[in-house]
């Protein structure tokens, strides 16, 4: 297994999170590449000290996770051109023991399987409601999937066949990649196995808001890039965010003036949306407490997601490429 698999870890100011990430890779795979996006916390020195290959992205170009993963795969191919599989992992994640063997088992069993991912868990779900929300987000259905997240084992042949990630996407690059893979007949699979521990380190509302803004930007950009496809990639999500995050509140405020405030009753529709989300989460086996939390923040998140979509539109009209939208600060414990 070690001889067939390499790993690409990407990060920016991950500190102790990166130390844990690299420790879970070194000695477990053939070659490890760390790609750094302008860290100022000693991450590059840390990576070199533990013996992994390091690539530093040119700071003159906008940083994106997609660009970093492409650079990592290129460096991996230079170092070990015969590697068949690559574990992509974010620098704030630690790979679980036994994961590589399970992923390899699935890929050997199905030659058309390009991507296999497992369970990503939040390391500290009880430290904040925002960490808890991330843990809920990672709780996705098992089986054939449309997409993976940032952590996954991929067949190098398949990734190279679609020219890798789209480096201009500031988020949502994995669904875009998986969409292009599926169009060529490749498969994506999510299995019920522990894969990674993620450390969101989100303790403030402002961080959650910025992360939601980034999600909206990703929805709008992804939908625009794939607008001509039969899959209607993220078109439904974009419509939903516009409707709930912008049009409904605007309509309620506009109608409120001539109706003496009665127009604000339109906002009661958010309760209906929240109930629908709650029931959907309960149907997936999520506890009542977590389903309530998820429903409330799903409804609230429509506003920053709509603003993120608007940000993408503004950038597109201005002809400007977006850069990273970061919600985490540096972890200085290196």
Is there a residue being within 19 Å of residue 34 (Cβ to Cβ) and either in contact with a helix residue (DSSP H, G or I) (Cβ under 6 Å, 6 or more places away or on another chain) or assigned by TED's automatic domain parsing to the domain that holds residue 289 (or both) anywhere in the stretch 125-140?
no
Taking residue 317 as the residue in question, decide whether it is touching a residue at least 60 places away in the same chain (Cβ under 8 Å) and under 24 Å from residue 209 (Cβ atoms). no
Is it the case that the stretch 156-175 has a residue that's part of a helix (DSSP H, G or I), touching a strand residue (DSSP E or B) at 6+ places or on another chain (Cβ under 8 Å), in contact (Cβ under 8 Å) with a residue 24 or more places away in the chain and within 24 Å of residue 241 (Cβ to Cβ)? yes
Checked against (1) surrounded by fewer than 17 Cβ atoms within 10 Å (Cβ to Cβ); (2) touching a strand residue (DSSP E or B) at 6+ places or on another chain (Cβ under 8 Å), residue 184 satisfies every condition except (2)
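Results for (1) crowded, with 24+ Cβ neighbours inside 10 Å; (2) more than 20 Å from the chain's Cα centre (by Cα), shown as yes or no for each residue.
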residue	(1), (2)
7	yes, no
15	no, no
21	yes, no
33	yes, no
40	no, yes
49	no, yes
56	no, yes
- Task: Determine whether residue 135 is under 19 Å from the mean Cα position of the chain (by Cα) and free of Cβ contacts under 8 Å to residues at least 40 places away in the same chain.
- Result: yes
All conditions in (1) surrounded by fewer than 18 Cβ atoms within 10 Å (Cβ to Cβ); (2) at pLDDT below 95 are true of residue 109 except (2)
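The values are calculated or read from the model by the stated rules, or taken from the named source; none is laboratory data. Computed from a predicted structure; not experimentally measured. Ideal geometry is used to build each Cβ from the backbone, glycine not excepted, and the neighbour counts take in all protein chains shown.
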